[in-house]
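For reference, the structure is listed below as C-alpha coordinates.
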Amino acid sequence: MIRRFIRSLGTALLIAGVALILDAALTVVWQEPVSAAYSMVVSGKLDDELADLDTEGPAASEAAVLQALATRDQRIAYLARSLRRRVDYGEPIARISIPKLKLKKAVVDGTDTAALRKGPGLIESTELPGLGGTTAIAGHRTTYGAPFHDIDKLVRGDTIAVGTPYGNFVYEVERKRIVKPTDVWVLQRIGRERLVLSACHPLYSAAQRIIVFAKFVRYRPPAKGPWAKVLQARPTGTLSATPGG
(Lines give C-alpha, C1' and ligand atoms only; values in the text may rest on other atoms or scores of the structure.)
Protein backbone atom coordinates (compact mmCIF):
# COMPACT_ATOMS: atom_id res chain seq x y z
CA MET A 1 0.00 0.00 0.00
CA ILE A 2 2.85 2.35 0.87
CA ARG A 3 4.54 1.48 -2.43
CA ARG A 4 1.33 2.20 -4.30
CA PHE A 5 1.05 5.59 -2.56
CA ILE A 6 4.66 6.44 -3.36
CA ARG A 7 4.16 5.35 -6.98
CA SER A 8 1.00 7.48 -7.27
CA LEU A 9 2.73 10.44 -5.69
CA GLY A 10 5.64 10.07 -8.09
CA THR A 11 3.28 9.96 -11.06
CA ALA A 12 1.45 13.06 -9.85
CA LEU A 13 4.71 14.94 -9.37
CA LEU A 14 5.87 13.88 -12.83
CA ILE A 15 2.65 15.14 -14.42
CA ALA A 16 2.91 18.42 -12.51
CA GLY A 17 6.52 18.81 -13.63
CA VAL A 18 5.63 18.20 -17.26
CA ALA A 19 2.79 20.73 -17.00
CA LEU A 20 5.15 23.35 -15.58
CA ILE A 21 7.70 22.70 -18.31
CA LEU A 22 4.99 22.91 -20.97
CA ASP A 23 3.70 26.18 -19.51
CA ALA A 24 7.23 27.60 -19.46
CA ALA A 25 7.81 26.47 -23.04
CA LEU A 26 4.58 28.09 -24.20
CA THR A 27 5.58 31.31 -22.47
CA VAL A 28 8.98 31.32 -24.16
CA VAL A 29 7.78 30.52 -27.68
CA TRP A 30 4.47 32.37 -27.48
CA GLN A 31 3.15 33.91 -24.26
CA GLU A 32 1.64 32.94 -20.93
CA PRO A 33 -1.55 31.00 -21.86
CA VAL A 34 -3.93 32.20 -19.13
CA SER A 35 -3.18 35.90 -19.59
CA ALA A 36 -3.26 35.46 -23.37
CA ALA A 37 -6.79 34.07 -23.16
CA TYR A 38 -7.82 36.97 -20.91
CA SER A 39 -6.38 39.44 -23.41
CA MET A 40 -8.35 37.90 -26.29
CA VAL A 41 -11.62 38.23 -24.37
CA VAL A 42 -10.95 41.82 -23.31
CA SER A 43 -9.75 42.90 -26.77
CA GLY A 44 -13.19 42.52 -28.35
CA LYS A 45 -14.81 44.57 -25.59
CA LEU A 46 -12.28 47.37 -26.01
CA ASP A 47 -12.86 47.46 -29.77
CA ASP A 48 -16.61 47.76 -29.20
CA GLU A 49 -16.11 50.66 -26.78
CA LEU A 50 -13.87 52.48 -29.26
CA ALA A 51 -16.49 52.00 -31.97
CA ASP A 52 -19.03 53.61 -29.63
CA LEU A 53 -16.71 56.61 -29.19
CA ASP A 54 -16.43 56.95 -32.96
CA THR A 55 -20.19 57.02 -33.47
CA GLU A 56 -21.11 59.16 -30.46
CA GLY A 57 -18.97 62.13 -31.46
CA PRO A 58 -18.21 65.17 -29.31
CA ALA A 59 -20.74 66.37 -26.75
CA ALA A 60 -23.28 68.95 -27.94
CA SER A 61 -21.72 71.61 -25.71
CA GLU A 62 -18.33 70.96 -27.33
CA ALA A 63 -19.65 71.28 -30.87
CA ALA A 64 -20.46 74.96 -30.39
CA VAL A 65 -17.01 75.66 -28.95
CA LEU A 66 -15.33 73.79 -31.78
CA GLN A 67 -17.16 75.74 -34.46
CA ALA A 68 -15.79 78.97 -33.03
CA LEU A 69 -12.18 77.80 -33.36
CA ALA A 70 -10.56 79.20 -36.49
CA THR A 71 -8.11 76.47 -37.48
CA ARG A 72 -8.15 72.70 -37.74
CA ASP A 73 -5.11 72.44 -35.46
CA GLN A 74 -6.99 74.31 -32.74
CA ARG A 75 -9.94 71.96 -33.11
CA ILE A 76 -7.72 68.88 -32.99
CA ALA A 77 -6.06 70.14 -29.81
CA TYR A 78 -9.43 70.88 -28.22
CA LEU A 79 -10.72 67.41 -29.10
CA ALA A 80 -7.58 65.75 -27.74
CA ARG A 81 -7.96 67.47 -24.37
CA SER A 82 -11.69 66.89 -24.11
CA LEU A 83 -11.35 63.19 -25.05
CA ARG A 84 -8.74 62.67 -22.32
CA ARG A 85 -11.11 64.18 -19.76
CA ARG A 86 -14.04 62.19 -21.07
CA VAL A 87 -12.48 58.70 -20.97
CA ASP A 88 -12.12 57.03 -17.58
CA TYR A 89 -8.77 55.72 -16.42
CA GLY A 90 -8.13 52.23 -17.77
CA GLU A 91 -10.70 52.58 -20.55
CA PRO A 92 -9.93 52.54 -24.31
CA ILE A 93 -8.95 55.88 -25.80
CA ALA A 94 -7.11 55.14 -29.08
CA ARG A 95 -5.82 52.42 -31.40
CA ILE A 96 -2.25 51.55 -32.31
CA SER A 97 -1.27 49.89 -35.57
CA ILE A 98 2.23 48.67 -36.46
CA PRO A 99 2.13 47.06 -39.93
CA LYS A 100 5.59 45.47 -39.68
CA LEU A 101 4.56 43.61 -36.52
CA LYS A 102 1.03 42.88 -37.78
CA LEU A 103 -0.20 44.60 -34.63
CA LYS A 104 -3.57 46.31 -34.22
CA LYS A 105 -4.59 46.98 -30.63
CA ALA A 106 -6.80 49.23 -28.57
CA VAL A 107 -4.88 51.61 -26.30
CA VAL A 108 -6.25 52.30 -22.83
CA ASP A 109 -5.69 55.45 -20.79
CA GLY A 110 -3.16 54.64 -18.06
CA THR A 111 -0.42 52.17 -17.27
CA ASP A 112 -1.13 50.65 -13.86
CA THR A 113 -1.24 46.86 -13.53
CA ALA A 114 -4.96 46.57 -14.26
CA ALA A 115 -4.78 48.88 -17.29
CA LEU A 116 -1.86 47.06 -18.94
CA ARG A 117 -3.63 43.74 -18.53
CA LYS A 118 -6.14 45.06 -21.07
CA GLY A 119 -3.54 46.16 -23.61
CA PRO A 120 -1.06 48.94 -24.37
CA GLY A 121 -1.55 52.02 -22.22
CA LEU A 122 -1.11 55.76 -22.73
CA ILE A 123 1.43 56.88 -20.13
CA GLU A 124 -0.24 59.28 -17.72
CA SER A 125 2.31 62.11 -17.92
CA THR A 126 2.13 62.28 -21.72
CA GLU A 127 -0.48 63.48 -24.18
CA LEU A 128 -2.84 62.24 -26.83
CA PRO A 129 -1.71 63.00 -30.39
CA GLY A 130 -2.54 66.45 -31.72
CA LEU A 131 -1.18 68.57 -28.87
CA GLY A 132 2.32 69.05 -30.27
CA GLY A 133 4.03 67.00 -27.57
CA THR A 134 5.06 63.48 -26.67
CA THR A 135 2.59 60.61 -26.90
CA ALA A 136 4.05 57.63 -25.01
CA ILE A 137 2.53 54.15 -25.00
CA ALA A 138 3.71 51.24 -22.84
CA GLY A 139 2.91 47.55 -23.29
CA HIS A 140 3.77 44.03 -22.18
CA ARG A 141 6.21 41.81 -24.11
CA THR A 142 5.47 38.37 -22.63
CA THR A 143 2.04 38.37 -20.98
CA TYR A 144 -1.52 39.63 -21.56
CA GLY A 145 -1.36 39.31 -25.32
CA ALA A 146 2.28 40.48 -25.40
CA PRO A 147 1.43 43.41 -27.71
CA PHE A 148 4.99 44.77 -27.71
CA HIS A 149 6.77 41.41 -27.84
CA ASP A 150 8.61 42.27 -31.06
CA ILE A 151 9.18 46.01 -30.81
CA ASP A 152 12.91 45.30 -30.75
CA LYS A 153 12.51 44.36 -34.44
CA LEU A 154 11.42 47.88 -35.43
CA VAL A 155 14.00 49.81 -37.44
CA ARG A 156 14.39 53.31 -38.80
CA GLY A 157 11.66 54.11 -41.33
CA ASP A 158 9.04 51.65 -40.06
CA THR A 159 5.61 53.24 -39.67
CA ILE A 160 3.33 53.32 -36.64
CA ALA A 161 -0.19 54.76 -36.61
CA VAL A 162 -2.20 55.95 -33.63
CA GLY A 163 -5.89 56.25 -34.41
CA THR A 164 -8.21 58.49 -32.42
CA PRO A 165 -11.85 59.45 -32.99
CA TYR A 166 -10.62 62.82 -34.29
CA GLY A 167 -8.12 61.40 -36.78
CA ASN A 168 -5.21 59.11 -37.54
CA PHE A 169 -1.65 60.13 -36.68
CA VAL A 170 1.18 58.43 -38.57
CA TYR A 171 4.73 58.24 -37.24
CA GLU A 172 8.04 56.96 -38.58
CA VAL A 173 10.58 55.17 -36.39
CA GLU A 174 13.80 57.15 -35.91
CA ARG A 175 15.76 55.09 -33.38
CA LYS A 176 15.70 52.70 -30.43
CA ARG A 177 17.42 52.92 -27.09
CA ILE A 178 17.83 50.73 -23.99
CA VAL A 179 17.44 52.74 -20.78
CA LYS A 180 16.94 52.32 -17.05
CA PRO A 181 13.37 52.26 -15.67
CA THR A 182 14.17 55.56 -13.93
CA ASP A 183 15.14 57.36 -17.15
CA VAL A 184 11.97 59.42 -17.42
CA TRP A 185 13.65 61.92 -19.72
CA VAL A 186 12.46 59.75 -22.62
CA LEU A 187 8.92 61.02 -21.94
CA GLN A 188 9.72 64.73 -21.97
CA ARG A 189 8.24 67.22 -24.40
CA ILE A 190 10.78 68.20 -27.06
CA GLY A 191 8.88 70.96 -28.84
CA ARG A 192 7.33 68.81 -31.55
CA GLU A 193 4.83 66.01 -32.00
CA ARG A 194 6.34 62.54 -31.52
CA LEU A 195 5.56 58.99 -30.40
CA VAL A 196 7.45 56.93 -27.83
CA LEU A 197 6.91 53.20 -27.25
CA SER A 198 8.15 51.62 -24.03
CA ALA A 199 8.43 48.00 -22.85
CA CYS A 200 10.46 45.89 -20.44
CA HIS A 201 13.84 44.62 -21.63
CA PRO A 202 15.19 42.04 -22.07
CA LEU A 203 12.36 39.56 -22.49
CA TYR A 204 11.20 38.04 -19.16
CA SER A 205 12.95 40.81 -17.21
CA ALA A 206 12.05 44.28 -15.96
CA ALA A 207 15.67 45.32 -15.44
CA GLN A 208 15.65 47.79 -18.33
CA ARG A 209 13.33 49.43 -20.84
CA ILE A 210 13.46 49.32 -24.61
CA ILE A 211 12.35 52.65 -26.06
CA VAL A 212 11.29 53.31 -29.65
CA PHE A 213 11.29 56.94 -30.77
CA ALA A 214 9.17 57.88 -33.79
CA LYS A 215 8.67 61.22 -35.51
CA PHE A 216 5.28 62.52 -36.63
CA VAL A 217 4.91 62.48 -40.41
CA ARG A 218 1.25 63.05 -41.28
CA TYR A 219 -2.31 63.42 -40.06
CA ARG A 220 -5.39 61.88 -41.66
CA PRO A 221 -8.74 63.35 -40.58
CA PRO A 222 -11.74 61.08 -40.16
CA ALA A 223 -13.49 60.67 -43.52
CA LYS A 224 -17.03 60.70 -42.16
CA GLY A 225 -19.09 60.70 -39.00
CA PRO A 226 -19.66 63.23 -36.20
CA TRP A 227 -15.96 63.85 -35.54
CA ALA A 228 -15.34 64.65 -39.22
CA LYS A 229 -18.30 67.01 -39.20
CA VAL A 230 -16.98 69.20 -36.36
CA LEU A 231 -13.50 69.31 -37.88
CA GLN A 232 -14.85 70.42 -41.27
CA ALA A 233 -17.42 72.96 -40.03
CA ARG A 234 -16.89 76.57 -41.05
CA PRO A 235 -15.75 78.80 -38.14
CA THR A 236 -18.41 81.07 -36.64
CA GLY A 237 -16.25 83.35 -34.51
CA THR A 238 -13.53 83.42 -31.90
CA LEU A 239 -13.24 82.45 -28.26
CA SER A 240 -11.64 84.32 -25.40
CA ALA A 241 -10.96 81.11 -23.46
CA THR A 242 -8.02 78.82 -24.22
CA PRO A 243 -9.21 75.91 -26.39
CA GLY A 244 -9.65 72.80 -24.32
CA GLY A 245 -8.33 74.51 -21.20
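The values are calculated or read from the model by the stated rules, or taken from the named source; none is laboratory data. None of these values were measured; they are calculated from a predicted model. A quick note on method: Cβ atoms are made from the backbone with ideal geometry, for glycine too, and the neighbour counts reach across all protein chains shown.
Numbers for the structure displayed
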quantity	calculated
Number of positions in the range 154-213 that are over 19 Å from Ala77 (Cα atoms), touching a Ser or Thr at 6+ places or on another chain (Cβ under 7 Å) and not hydrophobic (A, V, I, L, M, F, W, C)	3
Residue among Gly139, Gly145 that alone is at pLDDT below 95 and more than 17 Å from Ala77 (Cα to Cα)	Gly145
Options Thr164, Thr143, Thr126, Thr134; residue that is touching a residue at least 24 places away in the same chain (Cβ under 8 Å) and touching an Asp or Glu at 6+ places or on another chain (Cβ under 6 Å)	Thr143
Candidates Pro58, Pro92 - the one that is at pLDDT 95 or above, assigned by TED's automatic domain parsing to the domain that holds Leu197, within 29 Å of Ala136 (Cβ to Cβ) and surrounded by 11 or more Cβ atoms within 10 Å (Cβ to Cβ)	Pro92
Number of positions in the range 160-176 that are over 15 Å from the mean Cα position of the chain (by Cα) and either outside any strand (DSSP E or B) or surrounded by 13 or more Cβ atoms within 10 Å (Cβ to Cβ) (or both)	6
Condition broken by Arg117, with the remaining ones in (1) touching a residue at least 60 places away in the same chain (Cβ under 8 Å); (2) closer than 18 Å to Cys200 by Cα; (3) outside any helix (DSSP H, G or I) satisfied	(3)
Among (1) modelled with pLDDT of 95 or more; (2) more than 15 Å from Ala214 (Cβ to Cβ) - the single one Ile160 does not satisfy	(2)
Subset tally (residues that are part of a helix (DSSP H, G or I) and either of a type in the set (Ser, Thr, Tyr) or more than 26 Å from Lys105 (Cα to Cα) (or both)) for the range 49-72	11
Subset of the range 126-154 [farther than 15 Å from Lys105 by Cβ, of a type in the set (Gly, Ala, Ser) and either outside any loop (DSSP other than H, G, I, E, B) or within 14 Å of the chain's Cα centre (by Cα) (or both)]	Ala136
Residue pairs meeting the criteria (Cβ under 9 Å; at least 6 apart or on separate chains; first assigned to a loop (DSSP other than H, G, I, E, B), in the range 203-219; second at pLDDT below 95)	Leu203/Val28; Leu203/Thr142; Tyr204/Thr27; Tyr204/Val28; Tyr204/Thr142
Among residues of the range 177-202, those that are part of a strand (DSSP E or B), closer than 15 Å to Pro129 by Cβ and in contact with a Gly (Cβ under 9 Å, 6 or more places away or on another chain), counted	2
Among the candidates Ser97, Ser82, residue that is among the hydroxyl-bearing types (Ser, Thr, Tyr), assigned by TED's automatic domain parsing to the domain that holds Val173 and in a strand (DSSP E or B)	Ser97
